[in-house]
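Peer 1: Okay, handing you the structure first.
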Amino acid sequence: MGCDIHCYGEIKKDGKWEKVGTEFLSCYYDSEKPGVFDKYTDELYEGRNYDLFGILAGVRNSCLETIDFARGIPSDVSDEVKTHVDYWDTDGHSHSHLTVKEVLEYDWDQSYVSDNSVYLDEYAGYTEYETSLDWVDFEYIEASEAEKLLNGEIARDPNKEYVVMLTERIPYKELVGGNFFDNINKLKELGGEEARIVFWFDS
């Protein structure tokens with residue numbers, strides 16, 4: 001079963017927290033299909049991105065550095081957000097909150113290291129490649145060695161199946177993508193760096 005987030009923005013007015021209205025761009029809006037989804041929503045983030053969930057509260061992804069683990073709903077939460085929390089009751093979990101400042105000061109430029117491997121011919125671009133060997137003697141090689149094999153600098157052994165080891169570094173901000181940062185900046189515009197997001201997850 002999938003996991004979804006419920007995420008609202010709050011700003012402080014006259015010493016009291018208030019939920020932000022329909023100010024955030026919906027990730028589901030499609031200009032080519034007007035009327036299917038509203039362009040703006042009151043939820044700061046509506047998508048299902050387990051990398052983001054892991055970063056915000058350690059939910060569904062323990063491989064990424066989290067900003068902080070679930071802190072609970074703040075005691076001075078706005079009445080409107082409290083209504084949503086109560087509606088989800090025990091189906092909601094990992095309740096938390098973060099200020100805009102905490103989100104923006106997080107190191108989004110750090111990278112997740114993804115290790116992968118592909119057959120040499122797949123690496124070369126033959127995506128439907130299948131081995132023709134009756135038996136396979138695997139040899140694992142780096143990308144630099146693969147390039148030499150492909151351009152003839154190193155002789156290729158016809159009795160070996162070469163497997164290219166690939167390492168990719170993906171910045172956290174690319175893992176998240178979408179409109180999360182646009183909406184965080186919108187919240188900052190409305191309430192400054194002390195504005196906050198209050199969020200929780202279901203299932």
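Read the figures in this text as sums done on the coordinates, not as results from a lab. Keep in mind that this is a model prediction, so the values were computed, not measured. With ideal geometry, Cβ positions are generated from the backbone for all residues, glycine too; neighbour counts draw on all protein chains shown.
Peer 1: Roughly how many nanometres apart are two label points built 7 Å out from the Cα toward the Cβ at N185 and F69?
Peer 2: Result for the modelled spin labels: 3.4 nm.
Peer 1: From Cα pairs below 8 angstrom and at least 6 apart in sequence, can you work out the relative contact order of the chain, rounded to a whole percent?
Peer 2: This gives 31 percent for the chain.
Peer 1: Which of F53, F37, F138 moves the most in a Gaussian network model of the chain with Cα springs under 10 Å?
Peer 2: Looking only at F53, F37, F138, the biggest GNM fluctuation is shown by F138.
Peer 1: Sorted from fewest to most neighbouring beta carbons within 10 Å, what does the list Y140, Y112 look like?
Peer 2: Working: Y140 10, Y112 16.
Arranged by neighbour count, lowest to highest, Y140, Y112 become Y140, Y112.
Peer 1: If you don't mind, there's one more thing I want to ask. Compute the angle between helix 79-88 and the longest alpha-carbon principal axis of the chain, please, reported from 0 to 90 degrees and rounded to the nearest 10.
Peer 2: That works out to roughly 50 degrees.
Peer 1: Now, a different point. What ranking of I154, I11, I5 emerges when the number of other C-beta atoms within 10 Å of each C-beta is taken as an exposure proxy, fewest first?
Peer 2: Least crowded to most crowded, the residues run I154, I11, I5.
Peer 1: Moving on to the next point. Treat the count of other C-beta atoms within 10 Å as a stand-in for reagent exposure and order C7, C63, C27 from fewest to most. Could the numbers behind the result be given before it?
Peer 2: Values: C7 24, C63 10, C27 19.
Listed from fewest to most nearby Cβ atoms, that is C63, C27, C7.
Peer 1: So what are the ³J(HN,Hα) numbers for the range 45-58, from phi and the Karplus equation (6.51, -1.76, 1.60; θ = phi - 60°), rounded to whole Hz, Gly and Pro as x?
Peer 2: 9, 10, x, 10, 10, 5, 5, 5, 4, x, 5, 6, 8, x
Peer 1: May I ask you to list the aspartates and glutamates whose Cα is less than 17 Å away from that of K39, ignoring any residue fewer than eight positions away on the same chain?
Peer 2: E23, D30, D182
Peer 1: Can I ask one more? Which entries in the list K12/K173; K33/K173; K12/K101; K12/K186; K101/K186; K16/K173 go over 20 Å, if you measure between the two C-alpha atoms of each? Each step should come with its number before you reach the end.
Peer 2: Values: K12/K173 28 Å; K33/K173 28 Å; K12/K101 14 Å; K12/K186 15 Å; K101/K186 13 Å; K16/K173 32 Å.
Table pairs above 20 Å Cα-Cα are K12/K173; K33/K173; K16/K173.
Peer 1: In addition: Mean residue ellipticity at 222 nm from the helices of the chain, using -39,500 (n - 2.57) per DSSP H segment of n ≥ 4 over the full residue count, to the nearest 500 deg cm²/dmol? Walk me through the numbers on the way to the answer.
Peer 2: Values: 7 runs with 53 residues, N = 203.
Calculated mean residue ellipticity at 222 nm is -7000 deg cm²/dmol.
Peer 1: Here is a further query. Highest GNM mean-square fluctuation, the chain, Cα pairs closer than 10 Å: which of P34, P74, P171?
Peer 2: P34
Peer 1: Here is a further query. Determine the gain in length on full extension of the stretch D91-Q110; use 0.36 nm per residue of separation and subtract their C-alpha separation, reporting nm with one decimal. Intermediate values should be presented prior to the final figure.
Peer 2: Values: separation 19, 0.36 × 19 = 6.84 nm, distance 3.29 nm.
The span from D91 to Q110 would gain 3.5 nm if fully extended.
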